[in-house]
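One structure below.
The values are calculated or read from the model by the stated rules, or taken from the named source; none is laboratory data. Just so we're clear, the structure is a prediction, and the values are computed from it rather than from any experiment. Ideal geometry is used to build each Cβ from the backbone, glycine not excepted, and the neighbour counts take in all protein chains shown. Only protein heavy atoms, including side chains, enter the accessible area calculation; ligands, DNA and RNA are left aside. Shrake-Rupley method; radii C 1.70, N 1.55, O 1.52, S 1.80 Å.
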Amino acid sequence: MIKACLNGDRTRADHPGVPITPAELADAAAAAVQAGADALHLHPRGADERESLHWPDIRAAVEAVQAACPGIPLGVSTREPIVPDLTERLRLIAEWHPGPDFASVNFHEPGAAQVADLLLSRGIAVEAGLFTPEAAATYLTWSGPTLRI
């Protein structure tokens, strides 16, 4: 399986071709699928071009990419730097409906199990990010199902 990450935490300052808007993400997604990608991961942005967990921003990006690439699994990031306050991050994720197919959860971040449990309760599969041995240990104490590690 090949999963393409369309933008990550990169900005236009990193490269002018980084897709930011829903339309740009849809174009990049279509190109990635045409090149052989089987799944897509993206970091939706708000009008200010900063990463966002707000449902209107998530929805716009997800719907644009799904329209361009029907049937291709699509995931987004939940990384802590997007919304550092765990309570606020959980509140925002709780608004996602129907949401993407999956979301990444970095198990080195505080509250990862809570984020993962909330995603599952919303019908969104969890993709576990394990960056450190400690993250792997934290992941192993979590009891939820995982789409992929």
Subject >> Out of 79, 59, sole residue that is closer than 18 Å to residue 9 by Cβ and either modelled with pLDDT under 95 or charged (D, E, K, R) (or both) >> reply: 79
**OP:** Report, ordered by the first and then the second residue, all pairs with beta carbons closer than 6 Å, sequence separation of six or more or different chains, a first member in region 18-31 that is at pLDDT 95 or above, and a second member that is acidic (Asp, Glu).
**Re:** 20/49
Subject >> Filtered residues of region 133-149 (kept if within 19 Å of residue 8 (Cβ to Cβ) and over 17 Å from the mean Cα position of the chain (by Cα)) >> reply: 135
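Does region 115-134 contain any residue that is open to solvent by less than 40 Å² (accessible area, probe 1.4 Å) and among the aromatic types (Phe, Trp, Tyr)? Before you say what the answer is, go through the steps one by one.
So in region 115-134, the residues open to solvent by less than 40 Å² (accessible area, probe 1.4 Å) come out as 115-116, 118-119, 124-129.
Those left that are additionally among the aromatic types (Phe, Trp, Tyr): none.
The answer is no; no qualifying residue exists.
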Original post:
Tell me, which residue of region 102-145 that is in contact (Cβ under 8 Å) with a residue 24 or more places away in the chain and among the hydroxyl-bearing types (Ser, Thr, Tyr) is nearest to residue 82 (Cα to Cα)?
Top reply: 104
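Being over 23 Å from residue 37 (Cβ atoms) and of a type outside the set (Asp, Glu) narrows it down to one of 119, 92, 74, 130, so name that one. Even if it seems obvious, please write down each step before you answer.
Working: 119 fails: over 23 Å from residue 37 (Cβ atoms); 74 fails: over 23 Å from residue 37 (Cβ atoms); 130 fails: over 23 Å from residue 37 (Cβ atoms).
Criteria check complete, one pass: 92.
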Original post:
Could you give every pair whose Cβ atoms fall below 6 Å, whose first residue belongs to region 36-47 and is open to solvent by 20 Å² or more (accessible area, probe 1.4 Å), and whose second residue is part of a loop (DSSP other than H, G, I, E, B), counting only separations of at least 6 or pairs across chains?
Top reply: 36/2; 38/1; 38/2
Subject >> Members of region 70-114 that are part of a helix (DSSP H, G or I) and either among the charged types (D, E, K, R) or open to solvent by 10 Å² or more (accessible area, probe 1.4 Å) (or both) >> reply: 80, 81, 82, 86, 87, 88, 89, 90, 91, 113, 114
Original post:
Within region 1-53, which residues are more than 20 Å from residue 104 (Cβ to Cβ) and of a type in the set (S, T, N, Q)?
Top reply: 21, 34
**OP:** For residues that are free of Cβ contacts under 8 Å to residues at least 40 places away in the same chain and over 17 Å from residue 119 (Cβ atoms), scanning just region 58-69, find the one that is least open to solvent (accessible area, probe 1.4 Å).
**Re:** 60
